[in-house]
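First up is the structure itself, then whatever we jot down about it.
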Amino acid sequence: MEVEGSISAGGFWWQAGWRLRRKPRALIAGAVLLVVVLVAMLGPHLTAVRYDALDWNALAVPPQWSDGHWFGTDRLGRDLFVRTMVGVRISFLIGVLASAVSLVIGVLWGMVAGYSGGRTDEFMMRAVDVLYSLPYLFVVIILTTLFARGSLVVLFVAIGAVGWLTIARIVRGQTLILARSEFVEAARVIGVAPAAMLWRHILPNLSGTIVAYATLAIPQMILFESFLSFLGLGVQEPLPSLGNLINDGAREMQSAAWMLLLPAGFLLLLLLCLSVVGDALRDALDPRDSAA
């Protein structure tokens, strides 16, 4: 049964897509992002060289096409094209999965707090305030140290587990508004259970906010993972990520600048494209901005 006042999914997403198509910068950024991700996924398979293979005859070779080392090699003779593409893949994957973890926790926490109200809401949001006071980096270091340092699963779970606080506050505020709307009151009168209310009526109306936040959270998670890997606390050698590749390149920047510029350039391109797409989606999914 459709309840009056609920958002028409087809109409809402069609209008959002129409507004998004009017933003050429977002479309270009999305196309570039798609190309980068596809190259990162398929690029390493175009060559027989593994990311951890050592070529003792090509140590710190600059980028050149003649010998197949398109991005050059590092001090151990490892091919930087393969390592950079695998690093983009790993950093992007960790960013997406960590964002998914933070969204699941934050959305559930915010919806329950906003819909319950009263003391439950007060207790849950005070817990968020307490967690906000803890330094993210310190918490992630503790989690990765306690639960197998260097594990990719532990890494994205740890990053996601401390990144849900902002979305919880956003969802809680939106849920407070929706809980007082007419279609929720009507569903409550006919006896819809709280769990069904959250799943069938509250969550669909939060979909635009959630999608917009996710696109903005992914670059933050990628940057956080790269920072941890740069410090040696994230992805461990010989597995590459953009963070530890930049760390390696920073040590050789005076004599072999390509080791730093190439992974740093891909990190910058990835973050820029994701930020532009995220800003455009945030505007397009805002039903109040009909002129976007």
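Within segment 111-130, take every residue that is loosely packed, with under 15 Cβ neighbours inside 10 Å and not basic (Lys, Arg) and give me the one that is farthest from Leu165 (Cα to Cα). First the steps, then the outcome.
To start, the set of residues in segment 111-130 that are loosely packed, with under 15 Cβ neighbours inside 10 Å comprises 117-120, 122-123, 126-127, 129-130.
Filter again for not basic (Lys, Arg), leaving 117-118, 120, 122-123, 127, 129-130.
Values: Gly117: 18, Gly118: 20, Thr120: 17, Glu122: 15, Phe123: 14, Ala127: 10, Asp129: 9, Val130: 10 Å.
If we take residues in segment 111-130 being loosely packed, with under 15 Cβ neighbours inside 10 Å and not basic (Lys, Arg), then Gly118 is farthest from Leu165 (Cα to Cα).
Scanning segment 234-244 for residues that are touching a residue at least 40 places away in the same chain (Cβ under 8 Å) and surrounded by fewer than 21 Cβ atoms within 10 Å (Cβ to Cβ), which turns out farthest from the chain's Cα centre (by Cα)?
Applying the filter and picking the extreme gives Pro238.
For a quick check of your reading of the model, give me the residue pairs whose first member lies in segment 106-117 and is under 13 Å from Gln174 (Cβ atoms), whose second is of a type in the set (Ser, Thr, Tyr) and surrounded by 24 or more Cβ atoms within 10 Å (Cβ to Cβ), with beta-carbon atoms closer than 7 Å and at least 6 apart or on different chains.
Sorted first by the residue in segment 106-117, then by its partner, the pairs are Gly110/Thr175; Met111/Thr175; Gly114/Thr175; Tyr115/Thr175.
In segment 182-191, what residues are surrounded by fewer than 17 Cβ atoms within 10 Å (Cβ to Cβ) and either of a type outside the set (Lys, Arg) or in contact with a helix residue (DSSP H, G or I) (Cβ under 6 Å, 6 or more places away or on another chain) (or both)? Walk me through it before giving the result.
Initial filter on segment 182-191 (surrounded by fewer than 17 Cβ atoms within 10 Å (Cβ to Cβ)): 182-183, 185-186, 188-191.
Answer for segment 182-191, where residues must be surrounded by fewer than 17 Cβ atoms within 10 Å (Cβ to Cβ) and either of a type outside the set (Lys, Arg) or in contact with a helix residue (DSSP H, G or I) (Cβ under 6 Å, 6 or more places away or on another chain) (or both): Glu182, Phe183, Glu185, Ala186, Val189, Ile190, Gly191.
How many of the residues in segment 121-146 are touching a helix residue (DSSP H, G or I) at 6+ places or on another chain (Cβ under 7 Å) and of a type in the set (S, T, N, Q)?
Step one: filter segment 121-146 for residues touching a helix residue (DSSP H, G or I) at 6+ places or on another chain (Cβ under 7 Å), giving 121, 124-125, 128, 131-132, 140, 143-144.
Pick out the ones that are also of a type in the set (S, T, N, Q) and you get 144.
Qualifying residue count for the region: 1.
Among the residues that make up segment 263-275, is at least one of them of a type outside the set (A, V, I, L, M, F, W, C), assigned to a helix (DSSP H, G or I), in contact (Cβ under 8 Å) with a residue 60 or more places away in the chain and closer than 29 Å to Phe147 by Cα?
The answer is yes, given that some residue of segment 263-275 is of a type outside the set (A, V, I, L, M, F, W, C), assigned to a helix (DSSP H, G or I), in contact (Cβ under 8 Å) with a residue 60 or more places away in the chain and closer than 29 Å to Phe147 by Cα.
Confirm whether Val154 is of a type in the set (Val, Ile, Thr), surrounded by 13 or more Cβ atoms within 10 Å (Cβ to Cβ), at pLDDT below 85 and farther than 24 Å from Leu216 by Cβ. Don't jump to the end; show me each part of the working.
Details: of a type in the set (Val, Ile, Thr): yes; surrounded by 13 or more Cβ atoms within 10 Å (Cβ to Cβ): yes; at pLDDT below 85: yes; farther than 24 Å from Leu216 by Cβ: yes.
The answer is yes for Val154.
How about segment 194-210: which of its residues are crowded, with 17+ Cβ neighbours inside 10 Å and of a type in the set (Gly, Ala, Ser)?
So in segment 194-210, the residues crowded, with 17+ Cβ neighbours inside 10 Å come out as 197-198, 201-203, 205-206, 208-210.
Within segment 194-210, Gly208 is the sole residue that qualifies.
For Trp109, state whether it is at pLDDT below 90, assigned to a helix (DSSP H, G or I) and not hydroxyl-bearing (Ser, Thr, Tyr). If you could, list the steps in order and put the result at the bottom.
Working: at pLDDT below 90: no; assigned to a helix (DSSP H, G or I): yes; not hydroxyl-bearing (Ser, Thr, Tyr): yes.
When the stated conditions are applied, Trp109 does not pass them.
Out of (1) over 27 Å from Met41 (Cα atoms); (2) under 23 Å from the mean Cα position of the chain (by Cα); (3) at pLDDT 85 or above, the odd one out for Asn205 is which?
Among (1) over 27 Å from Met41 (Cα atoms); (2) under 23 Å from the mean Cα position of the chain (by Cα); (3) at pLDDT 85 or above, the lone unmet condition for Asn205 is (3).
Six or more apart or on different chains, Cβ under 7 Å: which pairs go from a residue in segment 202-215 that's under 17 Å from Val101 (Cα atoms) to one that's of a type in the set (Lys, Arg)? Could you list them?
From segment 202-215, the pairs are Ala212/Arg282.
Looking at Phe71, Phe92, can you tell me which residue is part of a loop (DSSP other than H, G, I, E, B) and aromatic (Phe, Trp, Tyr)? Step through it out loud before you land on a result.
Numbers: Phe92 fails: part of a loop (DSSP other than H, G, I, E, B).
It is Phe71.
The values are calculated or read from the model by the stated rules, or taken from the named source; none is laboratory data. What you see is a predicted model, and the numbers here were worked out from it, not measured in a lab. Cβ atoms come from the backbone with ideal geometry, glycine included; neighbour counts cover every protein chain shown.
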